[in-house]
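Chemist: One structure is given below, represented as structure tokens, and several questions about it will come after.
The values are calculated or read from the model by the stated rules, or taken from the named source; none is laboratory data. A quick note: this is a predicted structure, and the numbers were derived from the prediction, not measured. With ideal geometry, Cβ positions are generated from the backbone for all residues, glycine too; neighbour counts draw on all protein chains shown. Keep in mind that these areas ignore ligands, DNA and RNA; they rest on the heavy atoms of the full protein, side chains included. Shrake-Rupley method; radii C 1.70, N 1.55, O 1.52, S 1.80 Å.
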Amino acid sequence: MNWLRQIWQRRRMERDLYEEIGSHIEERADELTATGMSCEDAVRQARREFGNATGIAEAGREVWRWGALEDFAGDSRFALRQLGKNPVFAAAAVLTLALGIGANTAVFSVINAVLLRPLPYPDSGQLVSVMSRTTRGDGPRPETLSYPTYFDFRRMNTVFEHIACFRADEASLSGTGAATHLRAAIVSANLFAMLGVHPALGRGFLPEEEQPGARVVVISDGLWRSRFGADPQMAGRVVTIDGQPHTVVGVAPAGFQFPPTPEPLDVWLTLARDRNSATLVPVTEERGSRMLLAAARLKKGVAVERAQQEMDRIAGALAKQYPDQNRQVAATYVQRLNEALVRDGRDPMWVLFGAVFLVLLIACANLANLLLARTSERVREFALRASIGASRARLIRQMVTESLIISLLGCAVGIAGAFWLLRYVMPLAGNGVPRMQEATQLDATVLLFAAGLSLITALLASLAPALRLRRAEFAGSLQEGSRASTGGGERTRSALVVVQIALGMVLLSAAGLLTTSLTKMLQRDFGLQPGRVLTFNVTPSGPSYPDERRLAFHARLLERLRNLPGAREAALGMPLPLTGSSMSVAFQIQDRPTAPHERPRSNMAIITPGYFRTIGARMLRGRDFNERDNDGAPPVLVVNDAFARQFFPGEEALGRRITPGATGKRGTRMHEIIGIVGDARQSALGRQPDPIYYFSYAQLSWCCPSVLVRSDGDPSSLQTAVVSVVAELDPQLPVFETQVLSDQLDRATTGPRFVVTVLGGFAALAQMLTLVGLYGVLAYSVERRRRELGLRMALGAGREKVIGLVVRKVAVLVFIGVAFGLAGSLATGQLLAQILYETKPSDPLLLGVTCGLVALTAELGAYVPARRAARIDPAEALRAE
């Protein structure tokens, strides 16, 4: 602090220093005058005896540590003047770094918001995710919890202050204006306490409000303001949700969004909603029905590892106690909540960060090339400064300062570019990644990252010029017409271009691999024709819609929809294809008795007759459901081809009987397979079609399937008519999530397409920087060899031979760069192998195309220097010699 105070008081201290020196000289002069010496001689003698006053003042500044600051300030002013004298160089250098720093800052802002920044809850480091670890399928993987398992975890653990469960749901609000669809979450009563969040109005849930019959709700700040006019007396009001009165006990704080969902939540309901179910066995009692996510707050002093051990012990005990349902989930995953929330988005983000880091390295190499060229041009200046006493360290410091000034200017422009990218480009990634919206703000951490990046780039970019300057020979550089230079710089610049070519090729090959993979994924057969299918949701549920009335409502709805002008077919389906949603249920094959915990599992779906015609799936064998397949008819199933291949290999699946674990009003019954349909994929991103068996909605009337309508033309033209039909049947039922089914495919692939597009943009940027770097090296080489090339032409060398000299240099640089780039591309391909679809990491065709593009970039970079070399006037070159 004393040092800082000295800096702020610098002028006063300097004035005091000079006054002190002056007073010493005056006192001595007075003493000498008293001895009879004249005033002028006395002052002269006093100054001679005192010594070099300027040197003493400089020594004082050194004691006060001002010298380094003054030198830096002087170097900075000089650097700014030099950049002002050469605006083309300054613009090229600043823009080059701005591209690299801006891209890195934007991507780091996303990584910081999604992966690194703590969750916005008190002591968020104590929050963890708790999931089962299933051993089914291709190996251990996370699995959701069933209600009974969650209740056991909550009751038996000793490591958590709270463990809360939650799942997404849909609801409707009526009674206060037009019926409105609500995005809901069903949560345990301790969710708000677990997160450490207090409602802005009212309170959170009480434990007894989880019990059957309880109907309470916490509403969001957005719903409170938009629908209820921010009523300060909202707590205690009664609202109608799904036809039932619910008491509003609280209003969530503004911005509260848990659990994370693509769209903001409107309401939070307790587990009583599922306990109030009218099904034969409430889902809260189904140990095999796994649909819950869970989060917990660790007790003080409890580490994640200890919590993992205890939860594994509890899961193992439950597996022994309930082998039929829990044997395959005998362990758990306990991990930090902020890590668990972005599990699927982690790898793509690091891929992008690696890509922008390579772009930054290429930008650094480009700036180093520019600085090397500028160092060569300024050799006479450096020689002059060295001749009057400047040390090499002082000259290098000046060079580093200039590089730092360029980096800081590039950082400022790059931050502006990063802000633009975050505001207009990153939102194209969609809402699939939690907390993505937080990345649009450049906080202090991101700005510090950008500043640190600019400092590192300044040091990296100035390294090569500094080394050349350290070994430079200045003797003779001041002679008129001297061609002395820093020497050897051309080899260094060529090496930097090789690095650029290699790194650019790595980026280009990675972009090519991911583009090829995504293209193959999108061009494969999805087993359906989604282009003319309109889908929407409507939820006739609650006590006002028991099973019989709900079935009748859907029957009338489908009949009305089929009669709409332009509509060809209509059906119900749950879950919708291409969404990635699934319901997995075990089953027993007749004549293959197995223990309950060893029974096979498969995805299931519930549909109505005409569903396959509506989505455009092909019936391969057997028949579809019809109107006679109702609750009073023998239970039947349709399975997809993947199901038949997996569970009946080498056999005919038609006519076989299985007993699914899914239960309806009549409990568990044996079903006959009556048809085999093509593989209509549930997941747009799945590598292989999942086995699915389909139930008739009339025989398993779970609430509530989505509605699908196939049109003869543009399906979006039916939206208004669809809403009118539903309103005529029941004006209190809102229509929501209306979309064309093909849009779901686009939505599901938004993330991968965004990554591929951005990576391709970075690869193109890398090629552009490489082109600029190659052009700079060749142009500099031609200029240095101008006299030599003119002499060759004077002695008879043709223009083609001169161009050949330039082309050979390009060929050597490209060959070396491609050799290193191929090695890097092969290594990168192996790192990406796990996320590629039907694409070999070492695809020779793709590598060949990449090499061709690199060669084309090199040709473009060589074109102008080669033409310049061919146009050299031999006479002018010889006269200069």
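Chemist: Restricting to the range 411-445, name every residue that is open to solvent by 40 Å² or more (accessible area, probe 1.4 Å), among the aliphatic types (A, V, I, L, M), out of contact with any Ser or Thr (no Cβ under 7 Å at 6 or more places or on another chain) and at pLDDT 75 or above.
Modeler: Ala412, Val413, Ala416, Leu421, Ala444
Chemist: So, of the residues in the range 307-328 that are open to solvent by less than 10 Å² (accessible area, probe 1.4 Å) and within 33 Å of the chain's Cα centre (by Cα), which turns out to be nearest to Thr594 (Cα to Cα)?
Modeler: So the residue we want is Met311.
Chemist: Please report, ordered by residue number, the strands (runs of 3 or more DSSP E) entirely within the range 656-766 with at least 2 residues that are of a type in the set (Asp, Glu) and more than 24 Å from Arg556 (Cβ to Cβ).
Modeler: It comes to none.
Chemist: Would you tally the residues in the range 1-50 being modelled with pLDDT of 75 or more, hydroxyl-bearing (Ser, Thr, Tyr) and open to solvent by 100 Å² or more (accessible area, probe 1.4 Å)?
Modeler: Counting residues in the range 1-50 that are modelled with pLDDT of 75 or more, hydroxyl-bearing (Ser, Thr, Tyr) and open to solvent by 100 Å² or more (accessible area, probe 1.4 Å) gives 1.
Chemist: How many residues does the range 555-577 hold that are under 23 Å from Tyr693 (Cβ atoms) and either charged (D, E, K, R) or assigned to a strand (DSSP E or B) (or both)?
Modeler: Final tally of qualifying residues: 6.
Chemist: Being at pLDDT 90 or above and charged (D, E, K, R) is the filter here, so list the residues in the range 628-653 that pass it.
Modeler: Listed by number, the residues that qualify are Arg628, Asp629, Asp641, Arg645, Glu651, Glu652.
Chemist: For Ser494, state whether it is surrounded by 16 or more Cβ atoms within 10 Å (Cβ to Cβ), in contact with an Asp or Glu (Cβ under 9 Å, 6 or more places away or on another chain) and at pLDDT 75 or above. Full working, then the answer.
Modeler: Numbers: surrounded by 16 or more Cβ atoms within 10 Å (Cβ to Cβ): yes; in contact with an Asp or Glu (Cβ under 9 Å, 6 or more places away or on another chain): no; at pLDDT 75 or above: yes.
No.
Chemist: In the range 498-508, is there at least one residue being of a type in the set (A, V, I, L, M, F, W, C), over 30 Å from the mean Cα position of the chain (by Cα), over 25 Å from Cys704 (Cβ atoms) and in a helix (DSSP H, G or I)?
Modeler: Yes: the range 498-508 contains one or more residues that are of a type in the set (A, V, I, L, M, F, W, C), over 30 Å from the mean Cα position of the chain (by Cα), over 25 Å from Cys704 (Cβ atoms) and in a helix (DSSP H, G or I).
Chemist: Oh, and also: Could you run through the range 295-311 and say how many residues are without any contact (Cβ under 8 Å) to a residue 60 or more places away in the chain and either aromatic (Phe, Trp, Tyr) or within 13 Å of Gln335 (Cα to Cα) (or both)?
Modeler: Adding up the residues that qualify gives 4.
Chemist: Then there's this: Which of the residues belonging to the range 597-623 are surrounded by fewer than 21 Cβ atoms within 10 Å (Cβ to Cβ) and assigned to a helix (DSSP H, G or I)?
Modeler: His597, Glu598, Arg613
Chemist: With respect to Ala458, is the statement that it is of a type in the set (A, V, I, L, M), in contact with a Cys (Cβ under 8 Å, 6 or more places away or on another chain) and modelled with pLDDT of 65 or more true?
Modeler: So Ala458 fails the test.
Chemist: Could you please give the count of residues in the range 172-194 that are touching a Leu at 6+ places or on another chain (Cβ under 9 Å) and open to solvent by less than 50 Å² (accessible area, probe 1.4 Å)?
Modeler: Residues in the range 172-194 being touching a Leu at 6+ places or on another chain (Cβ under 9 Å) and open to solvent by less than 50 Å² (accessible area, probe 1.4 Å): 14 in total.
Chemist: What number of residues in the range 520-529 are at pLDDT 90 or above and under 29 Å from the mean Cα position of the chain (by Cα)?
Modeler: Matching residues across the range 520-529 total 0.
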